[in-house]
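Structure first, commentary second.
The values are calculated or read from the model by the stated rules, or taken from the named source; none is laboratory data. As the structure is a prediction and not an experimental result, all values here were calculated from the model. Ideal geometry is used to build each Cβ from the backbone, glycine not excepted, and the neighbour counts take in all protein chains shown.
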Amino acid sequence: MPTEPSLPHPELLAAIPRLRRYARVLTGESTRADDLVQETLARAWEKRRLWAAGTDLRAWLFTIMHNVFVNQRALARRDAQNVSLDGDEDGNAAWQIPVRAMQQTRVELMEVLREVGRLPVDQRAVLVLAAVEEMRYEEIAAVLSIPVGTVMSRLSRAREKLRRVAQAAPSEPSTLKIVK
Amino acid sequence: MNPLPLTDADLNAYVDGALAPARAADVEQVLARDAAIATRVADMRQQNSILREALDPWLSDPIPPALLDAARMPRAAVRWRRFAPYFAAAATLLLGVASGWSLRDATLEHGGTPTTFARQAALTHALYAGDVNRPVEIWAAEEKRLVTWLSKRLGFGVHAPDLNGAGFALVGGRLVAGNERPTALFMYENADKQRLSLQVRKQPPGTSDVAFRYAVEDGVGVFYWIDEVCAYALSGQLDRAQMLTIGRAVYAQLAVAETATPK
């Protein structure tokens, strides 16, 4: 007889910092990010019967977070007052680069990171999952519910954009707000 | 030789270590003779390290209490959990016993304790015993250093009992974050690669002794007991009788050790 389903609490706790980071990358803002993580954890508990014990809990949680995020964004779009989170529009006030956390504040580094904030959220997500979370392409495809080919093309576009910015990076002072 | 053409996707996959070895070798050939492509690959690698350098520090931000709460089994689920024992008891006596304890666990969770000692022990065991390559922080080869370090961190003398008599050799140990206080974990392994862990932590003052208890948490059997000084949990996926035998051996050895070193 199966025992009642549960989620491994230590692993869940261990996943929180990564979920928060990814949520901040998605939403560009830490309060909204933590709301997203909270909602994700609540969903995870609701759906805990769907988690196959022994499989990668982190990937499963990232998948849930992606779905929650997409749904929230769809609702926000319907609400005309809300600004799209896609980086194509100017502004990007929401994308606060964690400059305070950097060991050294290099102009080039700030330029590149600012440009990450300007990437469309779809490209940003793939870039961070691949480059920072070091997920395999197949895992990313599963998390985002897109084909592996799309993962690769988004990644390629994101990197190319950042590379061009880095090359063209002038040494002009950044407008990025530095929070010490 | 011209085995290519190379695509953007190839270069990205190469940087991410996602290319098949044969194709990666193709890329390396091109990198060796085409400086422009080599520069692009180096740029991508640098981008990765810049991104990590900037975003990794986020991971050590303190977790807000609301999220710690959200990681706990929600109350509704705990309530559901209360009824589980009765179904289980109807099925088997053993499960019935285990579930009786989960009823008690539920009460504790309501009381504000994040999780019970037995449950924490089982989950921690599952986390590290399942890690084939790195189940411990310090390996048994450095047992003396391990014991000294753990004793220092826990604030009292801990010992790794000798379970060779039961066929389990010490693999090593680590410090783990218990639900209330730091906990020492000793990992053991037998010839069949089955693993057992013994977790020890200091008991908060004012808690009463608990004689040998057995619980099953997520498929992990946990024998635990609490004396006036420490709480112990022996966890493993062995059958109950085996666990009991080994648990008694541990208890006997620790009792001797405790009387030998007054605290």
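Under the condition of being of a type in the set (D, E, K, R) and buried (at least 17 other Cβ atoms within 10 Å of the Cβ), which residue from segment A:161-180 is modelled with the highest pLDDT?
Per the criteria, the residue is A:161.
Inspect segment B:30-43 for any residue being touching a residue at least 12 places away in the same chain (Cβ under 8 Å) and either touching a Lys or Arg at 6+ places or on another chain (Cβ under 6 Å) or among the hydroxyl-bearing types (Ser, Thr, Tyr) (or both) and give the result as yes or no.
Checked against the condition, which is being touching a residue at least 12 places away in the same chain (Cβ under 8 Å) and either touching a Lys or Arg at 6+ places or on another chain (Cβ under 6 Å) or among the hydroxyl-bearing types (Ser, Thr, Tyr) (or both), segment B:30-43 yields no hits at all.
Between a residue in segment A:42-60 that is over 15 Å from residue B:126 (Cβ atoms) and any residue that is charged (D, E, K, R) and surrounded by 14 or more Cβ atoms within 10 Å (Cβ to Cβ), which pairs come within a Cβ distance under 6 Å, given they are 6 or more apart or on different chains?
Qualifying pairs under 6 Å: A:59/A:139.
Checking the conditions here, which among B:69, B:8 is under 37 Å from the mean Cα position of the chain (by Cα) and not basic (Lys, Arg)?
Selected residue: B:69, the only one of B:69, B:8 that is under 37 Å from the mean Cα position of the chain (by Cα) and not basic (Lys, Arg).
Is it the case that segment B:174-188 has a residue that's under 23 Å from residue B:73 (Cα atoms), among the acidic types (Asp, Glu) and more than 14 Å from the chain's Cα centre (by Cα)?
The answer is yes; a qualifying residue exists.
Out of A:128, A:143, I need the residue that is farther than 18 Å from residue B:41 by Cα, of a type in the set (Val, Ile, Thr), modelled with pLDDT of 80 or more and not assigned by TED's automatic domain parsing to the domain that holds residue A:62. Which one?
Exactly one residue qualifies, and that residue is A:143.
Restricting attention to segment B:141-194, which residues are of a type in the set (S, T, N, Q) and surrounded by fewer than 20 Cβ atoms within 10 Å (Cβ to Cβ)?
Result: B:148, B:151, B:164, B:179, B:190, B:194.
Looking only at residues that are farther than 24 Å from residue A:128 by Cα and in contact with an Asp or Glu (Cβ under 7 Å, 6 or more places away or on another chain) in segment B:1-26, which one is modelled with the highest pLDDT?
Selected residue: B:23.
Sort out for me the helices (runs of 4 or more DSSP H) sitting completely within segment B:5-56 that have 2 or more residues that are more than 10 Å from every other protein chain (Cβ to nearest Cβ).
Hits in segment B:5-56: B:21-33, B:35-55.
Can we say residue A:85 is crowded, with 20+ Cβ neighbours inside 10 Å, in contact with a Ser or Thr (Cβ under 9 Å, 6 or more places away or on another chain) and at pLDDT below 85?
Spelling it out, residue A:85 is indeed crowded, with 20+ Cβ neighbours inside 10 Å, in contact with a Ser or Thr (Cβ under 9 Å, 6 or more places away or on another chain) and at pLDDT below 85.
Can you name every residue in segment A:44-59 that is facing chain B (nearest Cβ under 10 Å) and within 19 Å of the chain's Cα centre (by Cα)?
Within segment A:44-59, A:44 is the sole residue that qualifies.
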